[in-house]
1. How would Leu97, Leu307 line up from fewest to most surrounding beta-carbon atoms within 10 angstrom?
2. What percentage of all Cα-Cα pairs in the range 174-310 are separated by more than 25 Å?
3. Against the longest alpha carbon principal axis of the chain, how many degrees, from 0 to 90 and to the nearest 10, is the axis of helix 283-296 turned?
4. Just to verify a number: FRET efficiency for Ser126 and Tyr36, C-beta to C-beta distance, R0 = 56 Å, to 0.05?
5. Take every Cα pair under 8 Å in the range 104-231 that's 6+ residues apart, average their separations, divide by the length, and report that relative contact order as a whole percent.
6. List, in order, the whole-Hz ³J(HN,Hα) value for each residue of the range 161-168 obtained from phi through the Karplus relation with A = 6.51, B = -1.76, C = 1.60 and θ = phi - 60°; use x for Gly and Pro.
7. Using the Karplus curve 6.51 cos²θ - 1.76 cosθ + 1.60 with θ = phi - 60°, what ³J(HN,Hα) values do you get for each residue of the range 103-119, in whole Hz, with x for Gly and Pro?
8. Identify which of the listed values of percent of Cα pairs over 29 Å apart was calculated from the structure shown: (1) 58; (2) 39; (3) 45.
Amino acid sequence: MARRGENIYKRKDGRWEGRYKIGYAEDGRAKYRSVYGKSYPEVKEKLFLLKASPVKNSIPSRLTVKELFDEWLTAVRLKVKPSTYANYQMKAKKHLLPESGSICYERLTAKMIHDFIRKKLNSGLSAKYVSDIVTEFKSMSKYISRVHDFRNPLENVILPKVQKRELHLLTDNQQKQLCQHLLEQLNSTSLCVLMSLYTGLRVGEICGLKWSDIDFGKSILTVSRTVQRIRSEHGTRILIDTPKSRSSQRSIPIPEFLMPLLKKFRNQADFYLLSGSASVTEPRTMQNHFKAILKKANLPSVNYHSLRHMFATNSIQAGFDVKTLSEILGHATAETTLNRYVHSSMQRKAACMNLLKLAA
């Protein structure tokens, strides 16, 4: 007969068997393995050695997903930007914790997460957004596994397939029409739209650009801050911070034709280009201004970020090498530039195909 709590038994074949828990199956039931020996002391010693070894399966049952998530958020806050932390916190509070916060972490299975993914997709969330939510959960589980030596129940979770959305860009003729309209209705907003189209600045970067960031002697602008609205415990707030990565903090030569326009609107060093004052304009306001400009110019509605894509595509067609373009855009790698920001129109494809000549 087994002694209480030891899980060691004598088998009918005369051997002794000891069982130990290795984790949980997809249905939540405990999974066990066995060791064998000729005597009770032998099996007991084997179990002792196994229990003394660091096994990523033993998780105190009192710890819930929420408790471990709170620990991870506290730790990750030390190394990520406030905007990133706010995003993590929002996704956890809105999606992850209401579904699984009260569950004991040791009971969490990949099946539960896959059910969560299906539920969120069926609710109408995009595959990209659901993938971002679960990726955050995976990051938390990796941390818990590394720090506490717990098992990682999300290790084999499969993320939903994300379909790459086709970004709508203005054609060459439409871009010319936009530029003509901007020059005819030139003001600080029009100037900043031109800056984004011809330097590739993100909307948050153009909102955060000050006159002190422009070196008029060298015709160079420096990207040193970005503006965004983030969620906080008391609603939302405007955050003015350094750009998202080290590579995003960069200096960009300004095209010669933009310099006379910049000199015309030049203001106090500490004033923002977009607002023309010491007050900052938030990105959503700039996006709304851009939509209004497109409507007045009788152009199709496109996202402000498409200006950055158009700049990248136009630069490649003008002969920029990918490395130079990548640094101007503030990308960590040239691969990102090519995969995400360079688009080929049918007109461009046809021009390339017509380069081929019949072998005679």
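What follows is calculated from the coordinates using simple rules that are stated; it is not laboratory data. Worth saying up front: this structure is predicted, and the values here are computed from it rather than measured. So basically every Cβ, Gly included, is an ideal-geometry build from the backbone, and we count neighbours across all protein chains shown.
1. Leu97, Leu307
2. Every Cα pair in the range 174-310 considered, those over 25 Å come to 23 percent.
3. 50 degrees
4. FRET efficiency, Ser126 to Tyr36: 0.60.
5. Relative CO of the range 104-231 lands at 16 percent.
6. My calculation for the range 161-168 gives 6, 9, 7, 5, 7, 7, 7, 7 Hz in order.
7. Each residue of the range 103-119 in turn: 6, 5, 4, 5, 8, 5, 10, 4, 4, 4, 5, 5, 5, 4, 4, 4, 4 Hz.
8. Only one listed value fits the structure, namely (1).
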